[in-house]
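A.B. asks: Following this message is one structure expressed as structure tokens.
The values are calculated or read from the model by the stated rules, or taken from the named source; none is laboratory data. No experiment lies behind these values; they were computed from the predicted model shown. Cβ: placed from backbone, ideal geometry, glycine included. Neighbour counts: every protein chain shown.
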Amino acid sequence: MVQRCGILFVALLLLGCGGRQKTGTEVPEAPGGPEPRQAAQGGAGQEGTAQRASEPGDATQGGPGQTPARAEPIHVSLQVEALTKKGQHFIQSGETLRSGDRMALRVEVDRPAYVYIGQADSAGEPTLLFPRSGDERLQPGAPVRIPPPGQWFRLDKQTGEENLFVYASAQPIAPEALRARMQTDAESARAFSRTAAQDKGQGRGRKAGKGRSSSSDAPGGLTVGTRGLELDSGAGPQVLVDDKGVSTLRFTVRHTP
């Protein structure tokens, strides 16, 4: 009896221990198995997100092969102030002044730019009026008077067409390149004036409103054929901008005795 009870007790004891061992191995396996995989997937996802976020940043900073945007053309304006027997007043391009009259220039730009002003008469070589030496960088909103206040340019006795050329550039223009520009523009202006005079002579006797000269369409003698210039709209005399970004303006004064 005791032996049977002992055997039964041992059997129950072994059965109870085996159940507890099985339960102890299965319980932590369910939450513990997926956690490492989820962490691995999360790590891969974060790494990929960081890499994709860095790609647009690199592109916006301008990598190799990207073409920078072309700067907007510089708009330059010129006002000519005359001092005559009628008093002191501003004139428009193409108006007439007489020998002995005086004039001054006021130039302004819409952004920082190096400005050069040349003058050429109907027969002589072009002359640089501004700057007197070196390069002058003008600032927007600050008109510059040339010559300085209290001084004037006086028209001599050599009559004809006086041409003023204003150049504005984001970079300084080399002296050789500036002289070449002035010479080219002066020759173009003289050729334009001769053609206009011929057309005017040929047009005498025509009825009003008929027969318009084709040369009158050219903006002050500077045409697209001069240096491959394109028109930049603006008030006052037309401003032309070439492929190097140099803005050119021409102002004409008819000089009479």
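A.B. asks: If residue 169 passes every condition in (1) of a type in the set (Ser, Thr, Tyr); (2) modelled with pLDDT of 95 or more; (3) over 19 Å from residue 250 (Cβ atoms) but one, which one does it miss?
C.D. replies: The single condition residue 169 does not satisfy is (3).
A.B. asks: If residue 150 satisfies all but one of (1) within 19 Å of residue 239 (Cβ to Cβ); (2) surrounded by fewer than 16 Cβ atoms within 10 Å (Cβ to Cβ); (3) of a type outside the set (Val, Ile, Thr), what's the number of the condition it fails?
C.D. replies: Unmet for residue 150, out of (1) within 19 Å of residue 239 (Cβ to Cβ); (2) surrounded by fewer than 16 Cβ atoms within 10 Å (Cβ to Cβ); (3) of a type outside the set (Val, Ile, Thr): (1).
A.B. asks: I'd like the full set of residues that are outside any strand (DSSP E or B), modelled with pLDDT of 95 or more, within 30 Å of residue 71 (Cβ to Cβ) and in contact with a strand residue (DSSP E or B) (Cβ under 7 Å, 6 or more places away or on another chain), limited to the stretch 95-130.
C.D. replies: Passing the criteria: only 112.
A.B. asks: Could I ask something else about it? What's the number of the condition residue 180 fails, among (1) of a type in the set (Gly, Ala, Ser); (2) within 24 Å of residue 241 (Cα to Cα); (3) in contact with an Asp or Glu (Cβ under 6 Å, 6 or more places away or on another chain)?
C.D. replies: Just one mismatch for residue 180, condition (3).
Residue by residue, here is whether (1) modelled with pLDDT of 50 or more; (2) part of a helix (DSSP H, G or I); (3) of a type in the set (Phe, Trp, Tyr) holds:
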| position | (1), (2), (3) |
| --- | --- |
| 151 | yes, no, no |
| 179 | yes, yes, no |
| 184 | yes, yes, no |
| 190 | yes, yes, no |
| 193 | yes, yes, no |
| 204 | yes, no, no |
| 216 | no, yes, no |
